[in-house]
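Presented below is the structure to which this report refers.
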Amino acid sequence: MSKLYFLKFKIISGIILWIAMVASCPISAQNFTDSNLPIVIITTDLDSNNQPLPILDDPKILASMKVIKHPDGSRNYLSDVNSTAFLNYNGRIGIEIRGSSSQSLPKKGYGLTTLKADNVSNNNVSLLGMPSENDWILNGLAFDPSLIRDYLSYNLSRQIGEYATRTVYCELVINGEYKGLYVMQEKIKAGTSRVNVLKIAATDSALPNVSGGYITKSDKTTSGDPVAWTMGSYAGWTDFIHELPKPEAVTTQQNSYIYNQFLNLETTSHTNNVDLITGYPSVIDVPSFVDFMLVNELASNADGYQYSTYFHKDRVGKLRAGPIWDFNLTYGNDLFLWGFDRSHYNIWQFANGDNEGGKFWRDLYNNPTYKCYLAKRWNELTQTGQPLNYNSIVQFIDQSVALISEAKAREQQKWSTVPNQTTEISNLKVWLSNRISWMTTNLGSFTGCNTVSIPQLVINKINYNPQGATSTESDTLEFVEIKNTSSASVSLTGIYFKELGLSYQFPAYSSVLAGGSIYLASNSAAFQAKYGIAAFGQFTRNLSNSSQKIVLADGFGNTIDSVEYFDALPWPIAADGTGSYLQLISTEMDNNQATSWTASNATLATNSFDETTIAIYPNPVTHFLSIQTTKPMSGIKIFDVSGKLIYDLKQKSETINTDWSVYSSGVYFISIYDDNGFITKKVIKQ
């Protein structure tokens with residue numbers, strides 16, 4: 001009997017046994033009237049006999065859904081079902097049963113799509129504070145007697161900075177029958193508030209468009225989706241399946257491109273190739289792979305790497321691991337009833353001899369450079385106050401358990417699936433303590449990558465909402481300036497934008513001169529026509545007109561510079577669609593502080609002032625400071641160290657004298673400007 005056949009036999013036998021045991025337990029009718037959690041009420045449409053339609057595995061059937069949630073956080077009542085003020089959602093849905101082995105359990109999980117009144121058009125809505133979308137999941141928490149494993153893991157992933165599906169506990173009623181405790185959560189799909197990659201189209205068959213975006217997973221094929229390709233693991237084989245584009249829509253060129261990305265990862269990781277041009281750092285976003293492994297290993301996910309393992313890649317971007325998914329067989333839990341016991345605190349799941357996934361997981365770990373970054377990140381995340389610190393996790397667990405404490409009792413009364421949550425949580429905490437200690441010991445030292453030389457590159461200008469006759473024209477004029485503030489040329493090989501939403505990787509062997517600047521534009525031709533200078537390169541996607549985080553990183557993902565701008569005060573709002581752009585007052589200032597930026601409409605092609613045309617003396621200054629230039633100034637502005645403007649003089653002159661006796665001792669910045677731009681210098685007041 002083959003190993004796979006034996007596994008399937010055990011699963012089927014276990015399901016039958018599980019159903020028999022649950023069926024023998026009384027499932028009580030309940031007088032459910034109110035909850036501290038949101039209440040989801042689903043009423044399916046009637047069939048030809050005026051009977052409620054049963055919810056099927058496929059296709060989705062039509063239904064109505066109401067979500068009761070008091071905006072002030074107070075208690076929710078079924079009697080609020082017709083109170084508009086307390087309805088978070090009141091509309092149409094399509095709903096189906098979801099899951100794989102969990103479908104055989106009495107308690108079902110569901111997938112749903114919010115619809116408009118025509119019962120056909122998707123209705124993008126915000127449910128329970130989550131960003132607007134139309135695809136949602138009601139997670140039935142299958143096989144988890146703690147009721148928190150998925151909820152805990154998704155929240156931990158988001159806390160460390162990686163996207164994971166957002167989650168809200170709720171209680172569910174379908175056709176008048178209480179169904180128990182659920183988690184309303186997002187479905188994994190492409191979108192700016194979910195997996196932030198472009199949706200690749202059928203016509204995207206050549207570079208650069210064929211490079212993304214993709215969502216790919218290694219998983220079981222129980223849903224009927226065909227296997228796109230199979231890759232060997234150290235414990236067997238792993239199937240890969242397309243999620244974006246859909247399997248029925250993927251083209252030969254697209255399948256070939258994304259498969260070759262994984263093949264390149266397999267080859268470069270196996271040969272320990274760390275070269276920024278030809279090695280695995282040129283293929284993958286190292287931080288996302290590190291974080292994915294740490295969350296899976298912290299949980300000792302028995303299904304990790306082999307099943308429910310997602311990857312994504314944006315256009316011209318790197319291959320990334322995640323989002324994490326399906327974490328019920330974790331933290332010491334497994335399908336014990338079926339004879340499985342795999343989630344141990346003292347093993348690596350990527351090298352457990354079963355369910356290891358692609359070879360590249362183990363090969364990456366065995367690469368000294370990658371393992372160093374793995375250990376370094378683990379050390380960072382387990383420090384006091386950090387998300388993966390034991391005390392931080394325990395605090396979150398306790399808060400979650402308290403939140404569902406009363407629903408847990410109803411869940412047990414309904415399904416008999418929570419025999420002793422107190423003991424379960426206590427055991428989970430002990431297991432976590434052992435796991436964290438074991439991982440810390442076995443990951444070892446990170447001294448080899450603890451101190452990394454970071455180039456002195458600064459994000460100096462951002463034109464996120466240019467003025468244009470149309471939104472399309474405006475988008476084509478976006479740009480970002482990166483300035484080299486050092487006295488030596490900087491190699492740009494391997495450097496890329498790490499945060500999704502803006503994609504660009506610098507060409508191999510490119511560089512920026514000492515003190516020089518380069519511009520990256522959304523449209524190189526439009527940029528040159530508008531500003532009279534050539535852009536260094538063209539990025540993919542467009543900058544948000546409201547807020548976006550821009551992160552410049554080296555080939556291993558070490559952050560070089562990071563800025564998150566906003567289109568609201570205290571950020572300079574004159575840079576929002578009026579013809580001005582964001583300009584850093586001084587590259588010595590913290591560019592994550594709104595007050596470090598100003599709105600400028602100066603011409604990019606010329607600047608009257610540089611180091612050879614300006615003199616500021618004496619510096620340090622005690623009383624009077626003189627500013628002399630070879631060309632007339634239009635004025636000066638003086639900022640304190642926090643970026644606050646404290647003096648603004650408009651004076652057309654080649655010489656300006658200022659009295660500094662009124663200022664306290666400390667660091668200041670003085671900007672000298674004319675119609676073509678400005679230069680900022682640091683001044684020390686004694």
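Brief remarks on what is shown
- Residue match in the stretch 277-288 (condition: among the charged types (D, E, K, R) and touching a helix residue (DSSP H, G or I) at 6+ places or on another chain (Cβ under 9 Å)): no
- Exactly one residue out of Gly357, Gly332 is farther than 29 Å from Asn420 by Cα and either among the small types (Gly, Ala, Ser) or assigned to a helix (DSSP H, G or I) (or both): that is Gly357.
- Checking each residue of the stretch 76-92 against the condition of being part of a loop (DSSP other than H, G, I, E, B) and either buried (at least 16 other Cβ atoms within 10 Å of the Cβ) or under 29 Å from the mean Cα position of the chain (by Cα) (or both) gives no match.
- Scope the stretch 449-481; condition touching a Pro at 6+ places or on another chain (Cβ under 7 Å) and either among the polar types (S, T, N, Q) or touching a residue at least 60 places away in the same chain (Cβ under 8 Å) (or both); matching residues: Ser474, Glu478
- Contact annotation: residue pairs with Cβ atoms under 6 Å, 6 or more positions apart or on different chains, pairing a residue in the stretch 30-49 that is surrounded by 20 or more Cβ atoms within 10 Å (Cβ to Cβ) with a partner that is in a loop (DSSP other than H, G, I, E, B), are Pro38/Lys69; Pro38/Leu128.
- Of everything listed in (1) at pLDDT below 95; (2) among the polar types (S, T, N, Q); (3) more than 26 Å from Trp338 (Cα to Cα), the single unmet condition for Thr113 is (1).
- Qualifying residue in the stretch 266-276 (condition: modelled with pLDDT of 95 or more and touching a strand residue (DSSP E or B) at 6+ places or on another chain (Cβ under 7 Å)): yes
- Selection from the stretch 326-341 of residues that are at negative phi and either surrounded by fewer than 21 Cβ atoms within 10 Å (Cβ to Cβ) or of a type in the set (Val, Ile, Thr) (or both): Thr330, Asp334, Leu335, Phe336, Leu337, Trp338, Phe340, Asp341
- Yes/no for Phe262 being in contact with a strand residue (DSSP E or B) (Cβ under 6 Å, 6 or more places away or on another chain), modelled with pLDDT of 95 or more and buried (at least 16 other Cβ atoms within 10 Å of the Cβ): no
- Scanning the stretch 645-677 for residues that are open to solvent by 20 Å² or more (accessible area, probe 1.4 Å), closer than 22 Å to Thr622 by Cβ and assigned to a loop (DSSP other than H, G, I, E, B) yields Ser661, Val662, Tyr663, Ser664, Ser665.
- Applying the condition of being open to solvent by 10 Å² or more (accessible area, probe 1.4 Å) and not β-branched (Val, Ile, Thr) to the stretch 265-281 and asking which residue is nearest to Met231 (Cα to Cα) yields Glu266.
- The lone criterion from (1) in a loop (DSSP other than H, G, I, E, B); (2) in contact (Cβ under 8 Å) with a residue 24 or more places away in the chain; (3) farther than 30 Å from Leu37 by Cα left unmet by Thr384 is number (2).
- Residue in the stretch 50-71 that is in a loop (DSSP other than H, G, I, E, B), open to solvent by 20 Å² or more (accessible area, probe 1.4 Å) and of a type in the set (Asp, Glu) present: yes
- The residue of the stretch 221-234 that is least open to solvent (accessible area, probe 1.4 Å), among those that are modelled with pLDDT under 95 and under 17 Å from Ser308 (Cβ atoms), is Ser233.
- Across the stretch 200-220, the qualifying residues are those that are in a loop (DSSP other than H, G, I, E, B) and either β-branched (Val, Ile, Thr) or under 17 Å from Ser544 (Cα atoms) (or both), and the one among them that is most open to solvent (accessible area, probe 1.4 Å) is Thr203.
- Residues in the stretch 184-200 include at least one that is free of Cβ contacts under 8 Å to residues at least 60 places away in the same chain, over 30 Å from Ile42 (Cα atoms) and out of contact with any Phe, Trp or Tyr (no Cβ under 6 Å at 6 or more places or on another chain).
- Within the set Thr587, Thr603, Thr578, Thr595, the sole residue that is under 15 Å from Ile670 (Cβ atoms) and open to solvent by 10 Å² or more (accessible area, probe 1.4 Å) turns out to be Thr587.
- Among the conditions (1) at pLDDT 95 or above; (2) in a loop (DSSP other than H, G, I, E, B); (3) more than 23 Å from the chain's Cα centre (by Cα), the only one that Phe327 does not satisfy is (3).
- Extreme residue, surrounded by the most Cβ atoms within 10 Å (Cβ to Cβ), among residues of the stretch 282-317 that are in a helix (DSSP H, G or I) and touching a strand residue (DSSP E or B) at 6+ places or on another chain (Cβ under 6 Å): Phe289
- For the stretch 529-536, the criterion of a residue being more than 18 Å from Pro507 (Cβ to Cβ), of a type in the set (Phe, Trp, Tyr) and modelled with pLDDT of 95 or more is satisfied by no position.
- Single residue of the stretch 396-447 satisfying the filter (assigned to a helix (DSSP H, G or I), small (Gly, Ala, Ser) and under 28 Å from the mean Cα position of the chain (by Cα)) that is farthest from Leu374 (Cα to Cα): Ala402
- Every pair of residues 6+ apart whose Cβ atoms lie under 7 Å, when the first sits in the stretch 502-516 and is at positive phi and at pLDDT below 95 while the second is open to solvent by 20 Å² or more (accessible area, probe 1.4 Å) and not in a loop (DSSP other than H, G, I, E, B): none
- Only one of the listed residues (Ala488, Ala529, Ala521) is out of contact with any strand residue (DSSP E or B) (no Cβ under 9 Å at 6 or more places or on another chain) and either of a type in the set (Phe, Trp, Tyr) or touching a residue at least 24 places away in the same chain (Cβ under 8 Å) (or both). That residue is Ala488.
The values are calculated or read from the model by the stated rules, or taken from the named source; none is laboratory data. Keep in mind that this is a model prediction, so the values were computed, not measured. Backbone-built Cβ (ideal geometry, glycine too); neighbour counts: all protein chains shown. Accessible surface is based on the protein model in full, side chains and every heavy atom, while ligands, DNA and RNA are left aside. Shrake-Rupley method; radii C 1.70, N 1.55, O 1.52, S 1.80 Å.
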